Amino acid sequence: MDVRITGLQTYVVNASPGGGNWVFVKVLTNQDGLHGVGEGTVTSKAQTIAAAIEEHERFVVGQDPRNIEWLWQAMYRYPRWRGGPVLNSAISAIEMALWDIKGKLLGVPVWQLLGGAARDRIRLYAHGSPHSDVGLARIEALVKQGYTAIKMGPFEVRDGIVDPRADVRRGAAAIRRLREAVGEDIDLLVDAHGLFTPVMAVDFARQVAEANLMWIEEPCQPEDLKTLSWICERSPVPIATGERLFTKWGFADLVEQRAVAYIQPDVSHAGGISETRKIAAMAEARFIDVALHGASSEILTAANFHVDACTPNCTIQEHPLGSPWRYEVVRTTCVVEGGFARLPEAPGLGVEIDEAECARHPYVPDSRSQFTFADGSVADA
């Protein structure tokens, strides 16, 4: 069968009433009804990502979508300028859609094309907050649903002002109380979002050591490996990072130096499904576990499930639940029950974009928090 890519179609879809937007792509072909879907969402960069995806159209139109590795190399190498969240997320979205097409053509789920199953089901973690009574009640409800791991922020910033010592003290106390409430059988994970200074990170880790956390995620900004290693050497809690690193080259030193206990590539940023598998293989050779990042739509969630299904060192998967219309804008065949996901069964990724529903939730400018320290200087958010 002669299959050729005929075009790309992008969608920028508001993700929730509180702000944020998803970026989807549909890769079209010359075969009636045959297309693939992908996602390249980056916080606060939705319209930029959509434009970047469209700019890559000239490298893929007229090509056979089944030649995924060749197309990845063309998109990555031909433009000359490489790297960063925008270009890599655009490539990731298109590459994801190419795997969707290939699975549909062959009538099998993507994970079957990547070596078959490495596990029977996929363990998930959900998001919660121990910093209020409402948040604690939500965590208790998630545990009753069967989730055995919960991720949370380290503290709540009051009035947009970061107070390093007080925030760490309050946050650590809340997490210790949560440990007492849920018992020892529930894994607790903390995502610092790079908000800590190095000293704050070590201070926080020492104050929550008795809560026996599974990891502290992104305790600092990801650019400086030496700073991350400095924190890891002093932290009594395992460290995780990786959602803001890209391609095998971005992870190479992190893995080679065994700088963290867990790496967290994001399939929609790191380069797509194939590139994430390469990153995971690098980590496997150094006995490092993988916990894929995935806080976007059901398209990314499905792509993650396919990588999780066939990758031995993928230990746990982020499972976002926030948007009230996430299951309307993307129709999924993936099944989640009792804090675990079944291995996907539908051909391709097993998800489809509902264009009419997407049109009901147009782009809304992001309203991300903007934090400062008490003296007015800018803090990471």
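The values are calculated or read from the model by the stated rules, or taken from the named source; none is laboratory data. Given the structure is predicted, the values throughout are model-derived calculations rather than measurements. Ideal geometry is used to build each Cβ from the backbone, glycine not excepted, and the neighbour counts take in all protein chains shown.
Does any residue of segment 29-41 turn out to be modelled with pLDDT under 95 and either in contact with a His (Cβ under 8 Å, 6 or more places away or on another chain) or part of a strand (DSSP E or B) (or both)?
Checked against the condition, which is being modelled with pLDDT under 95 and either in contact with a His (Cβ under 8 Å, 6 or more places away or on another chain) or part of a strand (DSSP E or B) (or both), segment 29-41 yields no hits at all.
Assess whether GLY40 counts as being surrounded by 18 or more Cβ atoms within 10 Å (Cβ to Cβ), within 17 Å of PRO79 (Cβ to Cβ) and in contact (Cβ under 8 Å) with a residue 60 or more places away in the chain.
Yes; evaluated as a whole, the condition is true for this residue.
Among the candidates SER323, SER367, SER377, single out the residue that is within 18 Å of the chain's Cα centre (by Cα) and of a type in the set (Gly, Ala, Ser).
It is SER323.
Kindly establish whether LEU254 is assigned by TED's automatic domain parsing to the domain that holds VAL168, in contact with a Gly (Cβ under 8 Å, 6 or more places away or on another chain), aliphatic (A, V, I, L, M) and part of a helix (DSSP H, G or I). Write out each step before concluding.
Working: assigned by TED's automatic domain parsing to the domain that holds VAL168: yes; in contact with a Gly (Cβ under 8 Å, 6 or more places away or on another chain): yes; aliphatic (A, V, I, L, M): yes; part of a helix (DSSP H, G or I): yes.
Taking the combined requirement at face value, the residue satisfies it.
State yes or no: is PRO85 in contact with a strand residue (DSSP E or B) (Cβ under 7 Å, 6 or more places away or on another chain), of a type outside the set (Ser, Thr, Tyr) and not assigned by TED's automatic domain parsing to the domain that holds THR276?
no
Listed here are the residues, each with its yes/no results for (1) over 24 Å from ALA15 (Cα atoms); (2) not hydroxyl-bearing (Ser, Thr, Tyr).
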site: THR43; (1), (2): no, no
site: ALA46; (1), (2): no, yes
site: ARG58; (1), (2): yes, yes
site: GLU69; (1), (2): yes, yes
site: ILE91; (1), (2): no, yes
site: ILE94; (1), (2): no, yes
site: GLY103; (1), (2): yes, yes
site: GLN112; (1), (2): yes, yes
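Can you report the number of residues in segment 186-236 which are without any contact (Cβ under 8 Å) to a residue 24 or more places away in the chain and in a loop (DSSP other than H, G, I, E, B)?
Number satisfying all stated conditions: 2.
Checking the structure you have, find out if any residue of segment 145-166 is crowded, with 17+ Cβ neighbours inside 10 Å, hydroxyl-bearing (Ser, Thr, Tyr) and assigned by TED's automatic domain parsing to the domain that holds LEU254.
Checked against the condition, which is being crowded, with 17+ Cβ neighbours inside 10 Å, hydroxyl-bearing (Ser, Thr, Tyr) and assigned by TED's automatic domain parsing to the domain that holds LEU254, segment 145-166 yields at least one hit.
So that you can scan it fast, the table gives a plain yes or no per residue for (1) closer than 25 Å to VAL143 by Cα; (2) touching a helix residue (DSSP H, G or I) at 6+ places or on another chain (Cβ under 7 Å); (3) modelled with pLDDT under 95; (4) surrounded by fewer than 21 Cβ atoms within 10 Å (Cβ to Cβ):
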{"residue": "ARG170", "(1), (2), (3), (4)": "yes, no, yes, yes"}
{"residue": "ARG177", "(1), (2), (3), (4)": "yes, no, yes, yes"}
{"residue": "LEU195", "(1), (2), (3), (4)": "no, no, yes, no"}
{"residue": "GLN207", "(1), (2), (3), (4)": "yes, yes, no, yes"}
{"residue": "GLU210", "(1), (2), (3), (4)": "yes, yes, no, yes"}
{"residue": "ILE239", "(1), (2), (3), (4)": "yes, yes, no, no"}
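Considering only residues that are in a loop (DSSP other than H, G, I, E, B) and at negative phi, which ones fall in segment 44-82?
Across segment 44-82, the qualifying residues are LYS45, HIS56, VAL61, GLN63, ASP64, PRO65, ARG66, ASN67, TYR78, PRO79, TRP81, ARG82.
If I filter segment 83-103 for residues that are touching a helix residue (DSSP H, G or I) at 6+ places or on another chain (Cβ under 7 Å), exposed (fewer than 15 other Cβ atoms within 10 Å of the Cβ) and assigned to a loop (DSSP other than H, G, I, E, B), do I get at least one hit?
No: segment 83-103 contains no residue that is touching a helix residue (DSSP H, G or I) at 6+ places or on another chain (Cβ under 7 Å), exposed (fewer than 15 other Cβ atoms within 10 Å of the Cβ) and assigned to a loop (DSSP other than H, G, I, E, B).
Of PRO79, PRO65, PRO109, which residue is of a type outside the set (Gly, Ala, Ser), surrounded by fewer than 19 Cβ atoms within 10 Å (Cβ to Cβ) and either modelled with pLDDT of 95 or more or over 24 Å from the mean Cα position of the chain (by Cα) (or both)?
The unique qualifying residue is PRO79.
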